[in-house]
């Protein structure tokens, strides 16, 4: 094992920061681009309303999903980090297993194309959000983890992450209080 390989806690923290930021950015873009407000408001959407406390806490919960991702990335770290195209492999892992090949039948998965009644064009449209987020997460995380150390990036991403989390804590507290 090379000394340049990340330790688990460092990888989990960096994955949490990168995933939460890219999740928020791509979600905000898709929310506006695809008019999610109208889709979510539909009684048949199966989605909680945007005013629901769990929805408002969604960004705050993303670090938990990121730790799950880190548990997958960690055993594969020698294939993902310190390699020129490790980010592409990470992207494919996320897309292949997490989006296309999931065991459930959500729209956009192989099973979703078979078992759901969601039109194919709507399922493919979701790729703009989820595939782009997987690629951005992979590229940002690999760039940050790969040597040499990038203190400026650590500071920038930590500040953005902290502001984002504080903003959503404020929103949730305002809603509950």
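Listing 121, 155, 87 from the residue with the fewest other Cβ atoms within 10 Å to the one with the most, what is the order?
Ascending Cβ contact count within 10 Å gives the list 121, 155, 87.
Starting from 0.36 nm per residue, how many nanometres of slack lie between residue 125 and residue 48 once their C-alpha separation is accounted for?
25.7 nm
If one takes the longest principal axis of the Cα atoms in the chain, at what angle in degrees, from 0 to 90 and to the nearest 10, does the Cα axis of helix 120-145 lie?
20
Please work out the FRET efficiency for the pair residue 143 and residue 76, using the Cβ-Cβ distance as r and a Förster radius of 30 Å; give the result to the nearest 0.05.
On the way: r = 17 Å, r/R0 = 0.57.
Once rounded, the FRET efficiency stands at 0.95.
Taking a spot 7 Å from the Cα of residue 104 along the direction of its beta carbon, which residues of segment 11-52 have an amide N less than 12 Å from it?
Flagged as within label range: 47.
Taking neighbour Cβ counts within 10 Å as the exposure measure, how do 125, 7, 83 sort from fewest upward?
7, 83, 125
Roughly how tilted is helix 8-33, in degrees to the nearest 10 and between 0 and 90, from the longest Cα axis of the chain?
30
In percent, what relative contact order does segment 8-176 have, based on Cα pairs under 8 Å that are 6 or more apart in sequence?
Answer for segment 8-176 is 32 percent.
Could you calculate the FRET efficiency of residue 111 with residue 170 from 1/(1 + (r/R0)^6), where r is the beta carbon distance between them and R0 is 30 Å, rounded to 0.05? Don't skip to the answer; put the middle values down first.
Values: r = 38 Å, r/R0 = 1.28.
About 0.20, to the nearest 0.05.
Note the angle between two axes, namely the Cα long axis of helix 151-176 and the longest principal axis of the Cα atoms of the chain, as a number of degrees from 0 to 90, rounded to the nearest 10.
30
Any read-out appearing in this document is the output of simple, stated calculations on the displayed coordinates, not a laboratory observation. The structure presented is a predicted model; accordingly, all values stated were derived computationally and were not measured. For neighbour counting, all protein chains shown are included, and Cβ atoms are generated from backbone atoms with ideal geometry for every residue, glycine included.
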